[in-house]
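What follows is calculated from the coordinates using simple rules that are stated; it is not laboratory data. For clarity, every value in this text was computed on a predicted model and none was experimentally measured. Cβ placement follows ideal geometry from the backbone for every residue including glycine, while neighbour counts extend to all protein chains displayed.
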């Protein structure tokens, strides 16, 4: 169950990143992130009301609240940096570096005492290599400094956010995710007040913004639940396979050519998942 939830989260993350990254080429990445995640907050509140999942917040680390605040802040920074990197540089540079974010929560999980068996470790390593290759790494033509910096910021933001998602989900996954989105909503309000604009979106953009925010929220929620059903390290590795989905969508919708290394990456990811399932 944990593996399936994590894989579903990677599919939704990949879709959200693809459509969000493309929308950020027409609008400010900050605005795309803020508005889409505001819709995620609405989804979270709706789920809490329907399922009666409300839990009173506290400042204890055993509670979801602080983890949700930190995850929301880091995730917001990561997404803005990621979308900006995609809008200003090549996906073949930005996506592979951002995909390495999984190393942060995996390292924390190992420090906390998680010990996957040898088969699981082998499968995780193969899957991680597959995700990296599937994101289409390329250095031909040189690497611009600005997109590289944005990619590194995105990696640290994503990695830190996932680590706090796992921490908060031990208390409540849905409350952690909703607190994340409430945090980003507050950040967005300050930014909108400062720049006095909501991004200049048209009514035609709203369905896509809702879809991006919804996919990102549900992806976070599924991963959070997955980390409570099995090994955190295993869940976050499977959840990190989103570059495959992004690459396939670019191939199908934008008719972008997949490089040989991406085909290899997809094959490695599938092989890694198979090995993990055996373990």
In nm, give the distance between the simple-model label positions of residue 117 and residue 263, each being 7 Å from the Cα along the Cα-to-Cβ direction. 3.5
Efficiency by 1/(1 + (r/R0)^6): what FRET value for residue 129 and residue 228, r their Cβ-Cβ distance, R0 = 30 Å, to the nearest 0.05? 0.65
Counting other beta carbons within 10 Å of each residue's own, what order do 181, 203 fall into, fewest first? 203, 181
Between residue 60 and residue 211, what is the label-to-label distance in nm when each label sits 7 Å out along the Cα-to-Cβ direction? 4.3
Estimated FRET transfer efficiency when R0 is 45 angstrom, pair residue 193-residue 149 (beta carbons, to 0.05): 0.95
For 150, 27, 64, order by how many other beta-carbon atoms lie within 10 Å, fewest first: 27, 150, 64
Calculate the length of the line joining the C-alpha centroid of segment 97-115 to that of segment 1-21, in whole Å. 18
Mind grabbing the base-10 log of I(q)/I(0) for segment 146-249 at q = 0.16, 0.20 Å⁻¹? Debye formula, identical points on the C-alpha positions, no solvent, two decimal places. -0.91, -1.25
So for the pair residue 47, residue 88, with labels modelled 7 Å out along Cα→Cβ, what separation do we get in nm? 3.3
